[in-house]
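The values are calculated or read from the model by the stated rules, or taken from the named source; none is laboratory data. Given the structure is predicted, the values throughout are model-derived calculations rather than measurements. Heads up, the Cβs are rebuilt from the backbone with ideal geometry, glycines too, and the neighbour counts pull from every protein chain shown.
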Amino acid sequence: MEWLVIIVTVVVLWVASLFKILHESLSASQVEVLNDGGVFCKRNVLLVIAHPDDESICQFPTYGSSLQPLIICLQEDVICTYYACQQVPQKQVKVLDHPDLQDGFGKSWNSKLLSKIIKEEIVNCAIDLVITFDNYGVSGHCNHQDVHQGVR
């Protein structure tokens, strides 16, 4: 009998949390934002990536929308060629090839330095929406995770 009570309780909690998630995802404020993209069209968007190819891996749909974000890439590599091939206007791409932010799976980046650099760009460009990696950082790359921490 105790197992039945436990199972019923778990099912009720699961249904309640599912209802909450669905209700929040369909709330009026979010529907308004997603209708025509009007709210986003008026924003200055900053896309913060670690490497030139990250934009295509993670946020490529950003360019399929009406958004035209400023892209900040923390590594130079072949970025000019890459973004020229993607038909991204050069004025929308800023490369910050900082000596303390070099690529590598074993090379962690200082989140305070990243925060400082990103904050300067947010202020200088009047940015009000920042898009970057989640805390896992796509494929678990430590530089992606560091960028996430720097934005936070």
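Within region 90-148, the set of residues being of a type in the set (Phe, Trp, Tyr), modelled with pLDDT under 85 and either surrounded by 12 or more Cβ atoms within 10 Å (Cβ to Cβ) or assigned to a helix (DSSP H, G or I) (or both) comprises Phe133 only. Selection of region 106-152 for residues being more than 13 Å from Leu47 (Cα to Cα), β-branched (Val, Ile, Thr) and touching a residue at least 60 places away in the same chain (Cβ under 8 Å) yields only Val138.
Each residue in region 70-89 was checked for being outside any strand (DSSP E or B) and either modelled with pLDDT of 75 or more or aliphatic (A, V, I, L, M) (or both), and 5 pass.
Taken over region 1-55, the criterion of being within 30 Å of Asn124 (Cβ to Cβ) and at pLDDT 75 or above is satisfied by Asn44, Val45, Leu46, Leu47, Val48, Ile49, Ala50.
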